[in-house]
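Here is the structure we will look at.
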Amino acid sequence: MPIESKQPHRSTEMTFAELFKNILTADKDQSRAAARKVRKFLYSSHSGGKDEFKQIKDIINNAPDTYSKIAEDWRQENFAIAVSVIYYLHNKERHPDFLFPWLFQLLQHKNGNIRQAGVRMIQTELGPLTYHLRFPGKESGLSKERADSILFGLRTNLDHLAASAWQPAYDKCEYVEELPSGTYKSIQLIFSLLDDYCGEVSNQARIESMPPLSQAGLQKHRQILERRKEIEQEIVEMLEETDSDFSLQDVRAVIYHESGSDDLMKALLMFDRGGGASELSNVLELLNDAWNYFPHEVLGGISPAEKLLEYQDRQRQEK
C-alpha cells in the first residue's frame, strides 16, 4: 500500500514576516485572521528561531512608521493588536521607551481595541521600569537613573493627557471600571498598574499618587495640571524670545532637583540676555509660577501646589 505524502500544514510554514504582510496587504477578513494567528504562532513549538526573533525585532522597530502608512481603521486595529502581542520581546535594556510617542498616539485613538493595544504595551514596560523600586539592591539590565528618568516623563505626560481628556461626567465614577471607554479610562488603567508596582515607594522616578481626594479636590488637581501645561508653553515662548540655549526640560530639571536657595537663580540665568528690568520681572514671575506648579524631588515628585491641595483637602474631609 503506497504511503501518502503528507503536505505540511500551512501554519507550520508561516513566518512572522508573512503574517504581518497579510495583516498589511490582505483583505479585511484575511488581515483579521492573520492578526489573531500571531499569538498562537508565537507560542507554537515552531517559533523561536534566531531568524524569527530578528523578524520580530524588525517589525517592532518599524512599527510607528508602518502604522503611519496604514489608511484603513480596521487594518490599523489589526496591526496594533498584533504588535502588542510580540512587543514584550523587544530589547528593553537598550530601548525601554523608544515607542512611547507612538503608544501615546494609540491611547488617543477613537478605536477602543487600538487604545487597549497601547495600554498593553505601556503596561509591558512598567515591569522593567519599576524593577529597582520593587526589588531594591538587585541588578537589572536597566540603570536606576535611566528608569527614573523614563518613569518621571511617563507619569508627567500621562497626567497632562488625562487632564486634557477629562470630562465632568467622570466625577460620577467611583472606580476605573465605571468610566466610559475612552482615552481617560485607558490612562487610568495604566496608572492603576503603575501604582500597584510602585506601592508606597517614593522615588524621583515617580510622581506619587495623590491621596484620595474629594470631588472638589479632584477638580482642583485637574486645574493644577492644566495650569502647569500653560506655564510650560509660556516658558518655551520665553526661552525663544530671549534666544536662550536652554530648553523646557532644563528648567524642569533645575526645579525638580532643587537643593538650595541658589537654584532659582540657576533657572533665571537660563533666560538672561542682559535685558531690562521689565523683562527680568516677567521672567521672575514666570519662574515663581513654575516653582509652584512643577514637581520637586524633595516633595516626593509632586509640586508645591499639589502638596498644598493635599493638605487643604484632607483638612476639609476631616471637618
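The values are calculated or read from the model by the stated rules, or taken from the named source; none is laboratory data. Only a predicted model underlies this, so the values are computations on that prediction, with no experimental measurement involved. Here Cβ is always computed from backbone atoms with ideal geometry, including for glycine, and neighbour counts include all displayed protein chains.
Which residue, of 149, 143, is more than 14 Å from residue 189 (Cα to Cα) and without any contact (Cβ under 8 Å) to a residue 24 or more places away in the chain? Please lay out each step first, then the result.
Working: 149 fails: without any contact (Cβ under 8 Å) to a residue 24 or more places away in the chain.
Selected residue: 143, the only one of 149, 143 that is more than 14 Å from residue 189 (Cα to Cα) and without any contact (Cβ under 8 Å) to a residue 24 or more places away in the chain.
Considering 289, 250, 272, which residue is outside the structural domain of residue 170 (by TED's automatic domain parsing) and in a loop (DSSP other than H, G, I, E, B)? Give the steps one after another, and end with the answer.
On the way: 289 fails: in a loop (DSSP other than H, G, I, E, B); 250 fails: in a loop (DSSP other than H, G, I, E, B).
The conditions single out 272.
Does any residue in the stretch 179-199 that is on the phi < 0 side of the Ramachandran plot come within less than 9 Å, Cβ to Cβ, of a residue that is surrounded by fewer than 19 Cβ atoms within 10 Å (Cβ to Cβ) and among the acidic types (Asp, Glu) six or more places away or on a different chain, and which pairs are these?
Pairs found: 185/177.
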